[in-house]
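Reviewing the structure listed below.
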Amino acid sequence: TDEAAKRELLQAGYPPAAIVQIPYGAALPPPRSAEGQHRARQALVTANHDLESADFAPVVLCVERMQPDRGLETLLRAWRLVGRRFPSAKLWIVGDGDYRQALYEQVVDLELHRQVYLPGSFDDLSELFQAADVFVTPSPTQRGRPAALSAMAAGLPVVAVATPSSRAM
């Protein structure tokens, strides 16, 4: 905690005036609620019909640059298992990149086109975080970390590849 860090610095001999907290991380959004989630989903479907989902349907959000090394193929293969168990669940992969068409073809080949959506990029992710139930970051590197930190700040549970950097989040 911030207080524990301050105590440790004081014990190490730093003068109190030299200890300044520097804000780090994502801004905290309003607390999550069922009503807020409903409003966010309605607003998103107005902007993009692909993002339509029933209030009871679980929505998993992934924000990632669409490139071959980002773990998205593995996520799609894993989603087949999720989709069988939870047919109403949706996976929104938000982002863009040169690999977008190949990912879309994989979605079609795996017969996931009714559950997995690639709505493109968004300037502001706050409504997506409010609308989703879970955030997933399939990248085996730190590349997805800023979005994962923002998702955690928004109160979303995060599923990530088990790496030293993801364990440190």
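The values are calculated or read from the model by the stated rules, or taken from the named source; none is laboratory data. Just so it is clear, the structure is predicted and the values come from calculations on it, not from any experiment. Here Cβ is always computed from backbone atoms with ideal geometry, including for glycine, and neighbour counts include all displayed protein chains. These accessible areas exclude ligands, DNA and RNA; they are computed on the full protein's heavy atoms, side chains included. Shrake-Rupley method; radii C 1.70, N 1.55, O 1.52, S 1.80 Å.
One residue stands out among those in region 50-75 that are free of Cβ contacts under 8 Å to residues at least 60 places away in the same chain and more than 17 Å from LEU112 (Cα to Cα): the one that is surrounded by the fewest Cβ atoms within 10 Å (Cβ to Cβ), which is PHE56. Applying the criterion of at least 3 residues that are modelled with pLDDT of 90 or more to the helices (runs of 4 or more DSSP H) found wholly in region 99-167 leaves 100-109, 126-131. Taking the stated definitions as given, is LEU10 within 21 Å of VAL158 (Cα to Cα) and of a type in the set (A, V, I, L, M, F, W, C)? Answer is no for this residue. The residue list ALA47, ALA40 contains one member that is open to solvent by 40 Å² or more (accessible area, probe 1.4 Å), aliphatic (A, V, I, L, M) and out of contact with any strand residue (DSSP E or B) (no Cβ under 6 Å at 6 or more places or on another chain), which is ALA47. In region 46-97, which residue that is of a type in the set (Val, Ile, Thr) and over 15 Å from the mean Cα position of the chain (by Cα) is nearest to VAL134 (Cα to Cα)? Ranking the qualifying residues of region 46-97, first place goes to VAL82.
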